[in-house]
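The values are calculated or read from the model by the stated rules, or taken from the named source; none is laboratory data. Remember, predicted model here, so these are calculated numbers, not experimental data. Cβ: placed from backbone, ideal geometry, glycine included. Neighbour counts: every protein chain shown.
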Ligand SMILES: *Cc1c(COP(=O)(O)O)cnc(C)c1O
C-alpha cells in the first residue's frame, strides 16, 4: 500500500478503519489465517435464555390457537387461567422448562407478581402481536429488569423500587436517545463542557463534537502507569462548574478498569459540591469484574445508567439494552429550573402526549423524543426483545450468588488476556477491577523491552500507528484497533479478548513480535 492510501485510511474512524483492514487481512501476503481481534463482539452465547424464548413461542402459539385456528391463522391470547395451562405445557424434567418454572416461582414468591399477568406478558411478548404498552416498558418486565440491575450492578444498594427503565435497541440506541433528549430539553447546548473518562469508546469522543452538539470535551485521563485507573486529581476536574455532564464508561473501554471504591467515594464528594452535575454511566462491562459497583448506585440522583445485554450474553444481533434513571433525579430538576421561555417551548412540545407536560419526567421525554414525540404511542422496544431481556436477566437472578455463566465468561477473557500477555512477555494487571475484556498493547514499551531504548525512541519518532496496523493486517492477517482513536497516547493498540478462539491470542502476540522484528531489521539496515 502506498503512503497516500495509508494517509487516507488514517483519517477514518477507528471502527471503519478496522473493517477496511479486514479485507487486507483476509488476503494477507503470508497466507496466514485471518484473525480479527478488532471488535468487541463476543464469540460465546447464553443458550438457556434462547431455548426458553423458543419454548415461550411454542406456548404462545398454542395459546393463540385457543381463540382462532384456521390454517396458518391463529387468534389472540387470553389471560384467564393461563398460569395453569403454562404449567401443564411445561415438563419439569426438562432443563429449560424447569428454568421457566423457577422463573415463575421467583416472580410469584420473591417479586409478588401476579402470575397470570406475568405469563400473559411473556406469551404476548414473544408472539409480538401488540404494540409495547406501556410504551416505556412492559409492566412485569420492569420489575425483573430492575431486580437484575440491582443484583448485577449495584453491589447491594437497593434501588429496584425507585428506578425507571426504558429498554432500548442496544446500548447504541440508549446513547443516541440520551444525547438527543439532553439537547432537545436544553440540558446541554453548543459550547457547553462535557467530561469523558479517556481512553474511551470512540463514539463518546466523537458524538459531542458533531455539528449536532458542538460541545467542548474535558478529558479525565487514565494512563498505563496506573493500569488505566483514574486518579483523584482527574476526578476533581469535575469540580469545574462549567462542566455540565460527565460521561463515563465503567469498566472502561479500552482500559478495562472499573472505578475503585475510592473513586466512587470521590465522585460522591464531587456531587456534594456540584449537585447539578449530570452523569451518564455506561456499564456494559460491569459484570466482568467481581463486586462491581455502578456510579448509579452511589449517586442515583445525578446518574443515568446505560446497560446492554450484548456483551455478556453474546447478543449483539438482538439489540437489547436499556436506560435506567431514578424517580428522583437531577435531570427533572434542571428541566424545572429552565428559564420560562424554554419551559414554555418544552411544555408545548410535550402537550400533545401529556396532560401535565411541565411535569413530564425526563425518562418519559426520552421515550417520546425517540419517536419524534408524535409517534410516541408506537414507541418502545419490540416486545420479543423486551422478553429476551427478561430471560437473560432471569438466568442471572436464579443463580444470583453463584452464576456459573458469568464466571465462565470471565474465565474466557481472562485466559485470552493471559495468553496474549505471556506471548508478548509483558506485565499483567491481575487486580480484580480489571475486566480483561480488552487489552491495550504499548508497542513502544515492547520495543524497548526487546530491542532497547534507541530503537524505541526511533520508533516513537517514525512510527505510524496506521502503518503498523495495516502491515499487521496485510502481512500477518491480524486485525487490531488503534488506541489513539480511543484517546490513548501514541503506540497503543487495542486487542479485544472477546471475539476469537482462545488459541489465537498467542498467535496474535507472536504476529506483533514478528512485525516488530521487521521494523527493527529495517532500522538496523539504515
Ligand atoms: C459494545 C458497547 C456498546 C454497544 O452496545 P450495544 O448494546 O451492542 O449497542 C456500548 N457501550 C460500550 C462501551 C460498548 O463497548
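With the structure loaded, tell me whether residue 463 is under 23 Å from residue 253 (Cα atoms), in the same structural domain as residue 449 (by TED's automatic domain parsing) and without any contact (Cβ under 8 Å) to a residue 60 or more places away in the chain or whether it fails that test. No; evaluated as a whole, the condition is false for this residue. Going by what's in this entry, would residue 161 be described as away from the ligand (no atom under 16 Å from the Cβ) and either surrounded by 16 or more Cβ atoms within 10 Å (Cβ to Cβ) or in a loop (DSSP other than H, G, I, E, B) (or both)? Judged against the criteria, residue 161 is not a match. Is it the case, given these coordinates, that residue 62 is surrounded by 19 or more Cβ atoms within 10 Å (Cβ to Cβ) and not assigned by TED's automatic domain parsing to the domain that holds residue 318? Answer is no for this residue.
Of the residues making up the range 358-385, those that are closer than 24 Å to residue 167 by Cβ and free of Cβ contacts under 8 Å to residues at least 24 places away in the same chain number 7. Being closer than 30 Å to residue 38 by Cβ, at pLDDT below 95 and in contact with a strand residue (DSSP E or B) (Cβ under 8 Å, 6 or more places away or on another chain) holds for only one residue in 284, 248, 320, 216, and it is 216. Residues of the range 259-271 that are assigned to a loop (DSSP other than H, G, I, E, B) and either out of contact with any strand residue (DSSP E or B) (no Cβ under 9 Å at 6 or more places or on another chain) or away from the ligand (no atom under 16 Å from the Cβ) (or both): 260 alone. The number of residues in the range 134-189 being touching a strand residue (DSSP E or B) at 6+ places or on another chain (Cβ under 8 Å) and modelled with pLDDT under 95 comes to 0. Across the range 386-409, the qualifying residues are those that are in contact (Cβ under 8 Å) with a residue 60 or more places away in the chain and either part of a loop (DSSP other than H, G, I, E, B) or in contact with a strand residue (DSSP E or B) (Cβ under 8 Å, 6 or more places away or on another chain) (or both), and the one among them that is surrounded by the fewest Cβ atoms within 10 Å (Cβ to Cβ) is 398. Of the residues that make up the range 430-438, is at least one in contact with a strand residue (DSSP E or B) (Cβ under 6 Å, 6 or more places away or on another chain) and surrounded by 24 or more Cβ atoms within 10 Å (Cβ to Cβ)? Yes, the conditions are met somewhere in the range 430-438.
Of the residues 509, 485, the single one that is touching a helix residue (DSSP H, G or I) at 6+ places or on another chain (Cβ under 7 Å) and at pLDDT 90 or above is 509. Can you spot a residue in the range 23-33 that is away from the ligand (no atom under 16 Å from the Cβ), outside any loop (DSSP other than H, G, I, E, B) and free of Cβ contacts under 8 Å to residues at least 24 places away in the same chain? Within the range 23-33, one or more residues are away from the ligand (no atom under 16 Å from the Cβ), outside any loop (DSSP other than H, G, I, E, B) and free of Cβ contacts under 8 Å to residues at least 24 places away in the same chain. The number of residues in the range 472-499 being surrounded by fewer than 21 Cβ atoms within 10 Å (Cβ to Cβ) and over 26 Å from residue 223 (Cα atoms) comes to 2.
Yes or no, residue by residue, for (1) under 26 Å from the mean Cα position of the chain (by Cα); (2) assigned to a strand (DSSP E or B):
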{"position": "414", "(1), (2)": "yes, no"}
{"position": "423", "(1), (2)": "no, no"}
{"position": "446", "(1), (2)": "no, no"}
{"position": "468", "(1), (2)": "no, no"}
{"position": "493", "(1), (2)": "yes, yes"}
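For residue 323, indicate whether it is within 21 Å of the chain's Cα centre (by Cα) and away from the ligand (no atom under 13 Å from the Cβ). For residue 323, the condition - within 21 Å of the chain's Cα centre (by Cα) and away from the ligand (no atom under 13 Å from the Cβ) - is not met. State whether the residues of the range 79-91 include one that is in a strand (DSSP E or B) and not assigned by TED's automatic domain parsing to the domain that holds residue 171. No: zero hits.
Within the range 278-292, the set of residues being away from the ligand (no atom under 13 Å from the Cβ) and within 14 Å of residue 197 (Cβ to Cβ) comprises 279 only.
Looking at residue 375, is it within 27 Å of the chain's Cα centre (by Cα) and within 15 Å of the ligand (Cβ to nearest atom)? No; evaluated as a whole, the condition is false for this residue. Checking residue 192 against (1) out of contact with any strand residue (DSSP E or B) (no Cβ under 9 Å at 6 or more places or on another chain); (2) on the phi < 0 side of the Ramachandran plot; (3) surrounded by fewer than 21 Cβ atoms within 10 Å (Cβ to Cβ), only one condition comes out false. Which one? Going through (1) out of contact with any strand residue (DSSP E or B) (no Cβ under 9 Å at 6 or more places or on another chain); (2) on the phi < 0 side of the Ramachandran plot; (3) surrounded by fewer than 21 Cβ atoms within 10 Å (Cβ to Cβ) one by one, residue 192 breaks only (1). Would you please name the residue that is nearest to the ligand (Cβ to nearest atom), looking only at residues in the range 35-78 that are part of a strand (DSSP E or B) and free of Cβ contacts under 8 Å to residues at least 40 places away in the same chain? Checking each candidate, the answer is 74.
Condition test on residue 9, is it over 30 Å from residue 148 (Cα atoms) and either out of contact with any helix residue (DSSP H, G or I) (no Cβ under 7 Å at 6 or more places or on another chain) or more than 16 Å from the ligand (Cβ to nearest atom) (or both)? So residue 9 passes the test.
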